[in-house]
1. For residue B:147, indicate whether it is in contact with a Gly (Cβ under 9 Å, 6 or more places away or on another chain) and within 22 Å of residue A:29 (Cβ to Cβ).
2. Given (1) in a loop (DSSP other than H, G, I, E, B); (2) on the phi < 0 side of the Ramachandran plot; (3) at pLDDT below 90, where does residue A:122 come up short, assuming only one miss?
3. Step by step: first the residues of the range A:24-47, then only those that are more than 10 Å from chain B (Cβ to nearest Cβ) and in contact with a helix residue (DSSP H, G or I) (Cβ under 8 Å, 6 or more places away or on another chain), then the one that is farthest from residue A:105 (Cα to Cα). Which residue is that?
4. Give the range A:31-80 a look and list any residue that's among the charged types (D, E, K, R), in a loop (DSSP other than H, G, I, E, B) and modelled with pLDDT under 80, or say none.
5. Restricted to the range B:76-96, and to residues that are out of contact with any Gly (no Cβ under 9 Å at 6 or more places or on another chain) and facing chain A (nearest Cβ under 7 Å), which residue is modelled with the lowest pLDDT?
6. Would you mention how many residues in the range A:22-39 are crowded, with 23+ Cβ neighbours inside 10 Å and not polar (S, T, N, Q)?
7. So residue B:149 passes all but one of these: (1) more than 17 Å from residue B:235 (Cβ to Cβ); (2) part of a loop (DSSP other than H, G, I, E, B). Which condition number does it fail?
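The values are calculated or read from the model by the stated rules, or taken from the named source; none is laboratory data. This one's a predicted model, so the numbers in the text were calculated from it and none came from an experiment. Every residue, glycine as well, gets a Cβ built from its backbone with ideal geometry; the counts of neighbours run over all protein chains shown.
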Amino acid sequence: MPFLDEIEAAIPGLRAYARALLRDREAADDLVQDTLETALARQGQWRGDGALRGWLARILLNRFRDGLRRRRPTAVLALVPDLSDLPAARKADDRLALAEVHAAMGQLPEDQRAALLLVALEGMSLAEAARALGCAEGTLASRLGRARATLRQLTERGPVSQRPGKAGE
Amino acid sequence: MMPQDPTISREEALRLRHGSAADRSRLSALATGDAALAEELAGWDRQDAALQALYTPVADEPLPERLLETVRATRRAPVVGAGGTGWRIAAAVALIALGFVAGWGGARLVPSGAPPMLAQAAMASYATYAVEVTHPVEVGADDEAHLVQWLSKRLGAPIRPPDLASEGFTLIGGRLLPGDTAPAALLMYEDELGRRLALYITRSETAERELAFAEEPGRQAFWWVDDGLGCALSGDLPRETLRRLAVAAYHGLTEA
């Protein structure tokens, strides 16, 4: 597939990742646009080896971190996820559970959220995700461990007998 | 391997889970002899399923025109480094006919129960975008011709931003939003005090509807359906002021 077609085909996935990361439609699309512009400007650097999405993810995460450094503190919006697109068959308690997960994701530090979404949403391997984040695999593994443990604490009431001992990990 | 093989660390489990197929089968094998690990893995599966259910639908949303334009602009002029601003240059020739208030006969308040979809969408858009300092709109009023052409094309109906200057509000721009069944346009206005108004417009097949009021904490809307367009003006203003603005917007939209 020609480079530009591949870039275009990657946009929906980038939007989903950016939305989950930034939790704001506009800010996420700004980040995607920034990513696309950077990628298009650097297409000479794309050597066509490996997955384009990894390269794009790396650009997106760099732009994201640049943005974090620049960002001013602003009023926090009520970040209620738009659950209206969920299949209608989903039960109300499923929606509630998802809303809880969305809220809990907002509690994670940004680097943990970015890492967890790479493997959970993008389906990257730990090695791919570490390359995209530009960190060591060991660093990423412990970051993921913290992210999953926190998420679990915040969302799962879980089997009571098995809860103790998990939280402090 | 002994069934009571000491459990691997959670980090090692994560490496295996997000590793090769062989890594994953090794992890499954380990979990059969380690109930705590198995339970942890099931929890991770639930997390991943929830995150996918939450965020993959974003990928199915209609793509914002500006993102597609970023790529298309490069296709048209594949100069390295030129990406991203091409859409601003895209020829925009639509002319704007601003509406003028011509007297309002039909406006009256209709009792409203739960806010209808249209009013809800408008109030949600207002709540989301009116507070935006840096990106309240996607295309600014300084590029109004392009804005009008773009929104009209995407809605499939001519959209003319009504002139609300008589009420002290000027257009600052607009954006495209996913609507219930079709794309929706959002036009944002601002007055000298920095108060903002969001005019939400989408195609509507429902019967014509006269001006009706809806409110939620911190925001209100007047909405109506006329000539195939469902419209709602949302803001946080005194009700009578908002009603006057809605009447002006109605005339601007329908009688231009």
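1. Against the criterion (in contact with a Gly (Cβ under 9 Å, 6 or more places away or on another chain) and within 22 Å of residue A:29 (Cβ to Cβ)), residue B:147 qualifies.
2. (3)
3. Looking at the filtered set, the residue picked out is A:46.
4. A:47, A:49, A:71, A:72
5. Among those that are out of contact with any Gly (no Cβ under 9 Å at 6 or more places or on another chain) and facing chain A (nearest Cβ under 7 Å), it is B:84.
6. Qualifying residue count for the region: 5.
7. Here residue B:149 clears every test but (2).
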